[in-house]
Amino acid sequence: MPEQELYRKFANYYDLIYQWMDYEGESEFIKMVVEDYKTSEGMDLLDVACGTGGHAQYLQDSFNIVGLDINHEMLEIAQEKLPGIEFVEGDMKKMDLPHKFDSILCLFSAINYHTTMDELEGTFKRFYEHLKSGGVLIFDLGFCTENWEEGRMLVDAVVQGDLQLARISQSRLYHGVFNANFVFLVKEDGKMDFEIDQHQIGVFPTSEVAKILEKTGFENHIYNGYNDLPWDKKSDERPVFVSIKK
Ligand SMILES: C[S@@+](CC[C@H](N)C(=O)[O-])C[C@H]1O[C@@H](n2cnc3c(N)ncnc32)[C@H](O)[C@@H]1O
């Protein structure tokens, strides 16, 4: 994975850009589905691609959390916000941790940082190996074939005090991969900064993702966003997978 500027140079702005995220509401959903489906005994939770710990802050009272992310700068922010949680630097595609967990999360489109089904299957196998029997994997497919809108403009912008920042991109798909060139503009203390931030984002059919999870040994429940409703492919909501290691 290329070292993406948003998660490195601009990591300090991540929480600001995504201040609209409902981490608290999503965390309530996570607690609910873990309660409903998990049959393993413990409350050990691995938050893969945890970023700045947005979910961990609302889950830390209910779980023993380890956060993992590939970007050091994101982890530094998470660690400062949540000193009681263990954060480790690592790549989900090569993850090999010394213990197993009762729940694994991979949230806010982080699973889309796979560009082929084979690569995705490799990571699902790693998740499976890191789960206890009866454990639960929860992830969302922020980008999937069903909710893809070719040519759509994506703009996240924030103005706060002296700071103005914007991230702009347009959705264009080439052979199932969104080669996202996010234009990143920052003006702070009168100084301008600018980057083209490259992300390679895999866009897969939800049914194909479900099939490779089943092949790996998971039993799937697919929700309509972080809501207690089955996924409806005609809705705008992202599919949220709750996959059980039987
Ligand atoms: C959109 S952010 C989501 C962060 C967090 N889960 C949230 O909900 O705010 C994607 C995160 O995935 C991380 N990431 C991307 N590829 C990764 C990989 N191969 N292994 C671990 N983390 C990865 C990035 O560093 C970034 O923190």
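Computed from phi, the 3J(HN,Hα) profile of region 12-27 under the Karplus parametrisation 6.51, -1.76, 1.60 (θ = phi - 60°) reads 4, 9, 4, 5, 6, 4, 9, 5, 7, 5, 9, 4, 5, x, 5, 5 Hz, with x in place of Gly and Pro. Using every pair of separate Cα atoms, the Kirkwood estimate puts the hydrodynamic radius of region 147-240 at 16.1 angstrom. Centre-to-centre separation between the Cα atoms of region 25-47 and those of region 78-153: 15 Å.
On a per residue basis, the convex hull of the C-alpha atoms belonging to region 146-201 measures out at 73 Å³. Gyration tensor analysis over the Cα atoms of region 6-71 returns equivalent ellipsoid semi-axes of 25, 14, 8 Å (largest first, whole Å). Beta bridges from DSSP with both residues in region 60-178: antiparallel share about 55 percent, rounded to the nearest 5. For region 72-169, the convex hull spanned by the alpha carbon atoms encloses 151 Å³ per residue.
In this simple spin-label approximation, Leu163 and Asp118 carry label points 7 Å from Cα along the Cα→Cβ vector, and these lie 4.2 nm apart.
Taking each DSSP H run with n ≥ 4 as -39500 (n - 2.57) and averaging over every residue of the chain yields -6500 deg cm²/dmol at 222 nm. Placing one equal scatterer on every Cα of region 1-145 and applying the Debye formula, the log10 ratio I(q)/I(0) at q = 0.13, 0.17, 0.21 Å⁻¹ is -0.54, -0.97, -1.52. Averaging 1/r across all pairs of distinct Cα atoms in the chain and inverting the result yields a Kirkwood radius of 18.5 Å.
In the chain, the longest principal axis of the Cα atoms and the axis of helix 206-216 are about 50 degrees apart. DSSP beta bridges confined to the chain are antiparallel in about 70 percent of cases.
The largest-to-smallest principal axis extents of the Cα set in region 5-44 are 41, 19, 10 Å.
Any read-out appearing in this document is the output of simple, stated calculations on the displayed coordinates, not a laboratory observation. Since this is a predicted model, take the numbers as computed values, not measurements. In this analysis, Cβ positions are derived from the backbone assuming ideal geometry, glycine residues included, and neighbour counts consider all displayed protein chains.
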